[in-house]
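Below is one structure, written out as structure tokens; the observations come after it.
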Amino acid sequence: MPRAHRKDEHIYYIMQNAPHQADFSDISLVHNCLPDQDFGRVSLEAAYLGRTFRSPLFINAVTGGTRLALKINAALADVARQCGLPMAVGSQMAAIEDISAEASFKVVRRVNPGGVIWANIGSYAAPEIALKAIKMIKADGLQVHLNAPQELLMTDGDRNFEGMIGRIGKIAANADVPVIAKEVGFGIAREQAGILAGLKVAAIDVGGRGGTNFLAIESSRSGRKLPADLSAWGIPTAISLVEAAAGAGEKTDLFASGGMHTALDIAKALALGAGAVGMAGYPVYHLLKYGSKALVKKIDRIENELRIILMLAGAKKPAEMQKVPLVITGHTAEWMQRRGLGPDTFARRPGLVN
Ligand SMILES: Cc1cc2nc3c(=O)[nH]c(=O)nc-3n(C[C@H](O)[C@H](O)[C@H](O)COP(=O)(O)O)c2cc1C
């Protein structure tokens, strides 16, 4: 099946059910009853990839390559413009293989000429292809997606991943914009985060389990039923954040994605170490079901609620959430203990003194 048609089928399956939300129920933020600060001065400004953004939110990679993709990308780009959020396009391989597909990606730059836009390719792409993808949309950053489980479940997916680490390293060394290594819903563990940080990617987007599930989507597309335990493969988003933070060190930005829908989950992700938070399935579902005005309102609401939560935790900006104590229980705490990731150090943070 041509790559572009696959993209439309992904949209079709995303619209069959309301998007899943990641499970952050093991994580509790500790209330601060003395938030000795002016709510009017609580800011959502977030610094990552060497610049400052008005919010930690971004619209993650979804689509490109077809007429439907062009419409979706144009609408998402307009929402990104109105909300002042960065936005990634979907995999540009369709346009690398067939130049007539370029318009469905370039539309994003046309609709939002001054916006922050990220290009997107797979880890199978050669460094020259990465440069082409960046140039195509005058991108401010490049996402390299990691999606081995999805490829293996696709009848026409990739089977040979040999050399991917070397290629990512070359892409990161040659790109003239920051490179973001991203999973697409299976998470990133400490060990691989360490390798990616060593390759000098600018950011790691954990793309954890709990939101869009490409194993379920690919098994629906192929008509081959997947055992329930296998369709739950992957590292949940909250755990993956702790894993990746431990592996990546301080020089690599950390992004949370995978089922991020609510302000409270976003605040918890920030407290676990995320510098920015991406959403893909949720915005595209809302856009197609309720329209772009409703999506803009939804993003506004999430941002307002996020400011309230920051205030109640005693934080003046998203980065300060990393100082807020949070109690981690249940399966997440047990995982962290077994992996030597000390849930108690989070619970015993001194907190913020205003
Ligand atoms: C319809 C759809 C298509 C996607 N296509 C791409 C893609 O082309 N490239 C990519 O890196 N990620 C792609 N993703 C993955 C998302 O960027 C994201 O990593 C993943 O869906 C988890 O986030 P979510 O739970 O917010 O959807 C796609 C997601 C959706 C919903």
**Message:** Here is a list: Ala294, Ala269. Which entry is at pLDDT 95 or above, assigned to a helix (DSSP H, G or I), among the small types (Gly, Ala, Ser) and away from the ligand (no atom under 16 Å from the Cβ)?
**Reply:** Ala294
**Prompt:** Can you name the number of the only condition in (1) over 20 Å from Val206 (Cα atoms); (2) buried (at least 22 other Cβ atoms within 10 Å of the Cβ) that Thr52 fails?
**Reply:** (2)
**Message:** Residue under question is Ile328, and the condition is that it be more than 17 Å from the chain's Cα centre (by Cα), buried (at least 24 other Cβ atoms within 10 Å of the Cβ), farther than 23 Å from Met15 by Cα and away from the ligand (no atom under 16 Å from the Cβ); does it hold?
**Reply:** yes
**Request:** Inspect the stretch 171-190 for any residue being touching an Asp or Glu at 6+ places or on another chain (Cβ under 7 Å), more than 13 Å from the ligand (Cβ to nearest atom) and within 30 Å of Arg338 (Cα to Cα) and give the result as yes or no.
**Result:** yes
**Fill in**
Among Gln143, Gln92, the single one that is within 16 Å of the ligand (Cβ to nearest atom), surrounded by 23 or more Cβ atoms within 10 Å (Cβ to Cβ) and more than 21 Å from Leu49 (Cα to Cα) is Gln92
**Request:** Note down all Cβ pairs under 6 Å where the first residue falls in the stretch 1-30 and is touching a residue at least 24 places away in the same chain (Cβ under 8 Å) and under 21 Å from Gly258 (Cβ atoms), the second is of a type in the set (Gly, Ala, Ser) and exposed (fewer than 14 other Cβ atoms within 10 Å of the Cβ), and they're at least six residues apart or on different chains.
**Result:** Asp26/Gly330
**Message:** Against the definition (part of a loop (DSSP other than H, G, I, E, B) and β-branched (Val, Ile, Thr)), how does Thr52 come out, yes or no?
**Reply:** no
**Request:** May I ask you to say which residue of Ala271, Ala315, Ala256 is in contact (Cβ under 8 Å) with a residue 12 or more places away in the chain, in contact with an Asp or Glu (Cβ under 9 Å, 6 or more places away or on another chain) and either among the polar types (S, T, N, Q) or buried (at least 24 other Cβ atoms within 10 Å of the Cβ) (or both)?
**Result:** Ala256
**Item:** Hits in the stretch 320-340 - residues which are of a type outside the set (A, V, I, L, M) and touching a residue at least 60 places away in the same chain (Cβ under 8 Å)
**Value:** Pro325, Thr329, Gly330, His331, Thr332, Trp335, Arg339
**Asked** Which of the residues that make up the stretch 207-234 are in a loop (DSSP other than H, G, I, E, B) and more than 15 Å from the ligand (Cβ to nearest atom)?
**Response** Gly223, Arg224, Lys225, Leu226, Pro227
**Prompt:** Which members of the stretch 299-354 meet the condition of being over 18 Å from Pro236 (Cβ atoms), in contact with a strand residue (DSSP E or B) (Cβ under 9 Å, 6 or more places away or on another chain) and part of a helix (DSSP H, G or I)?
**Reply:** Ile299, Ile302, Glu303, Leu306, Ile309, Leu312, Pro318, Ala319, Met321, Asp344, Ala347
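The values are calculated or read from the model by the stated rules, or taken from the named source; none is laboratory data. Quick caveat, the model's predicted, so the values are computed rather than measured. When we count neighbours, we look across all protein chains shown, and the Cβ atoms used for this are built from the backbone with ideal geometry, even at glycine.
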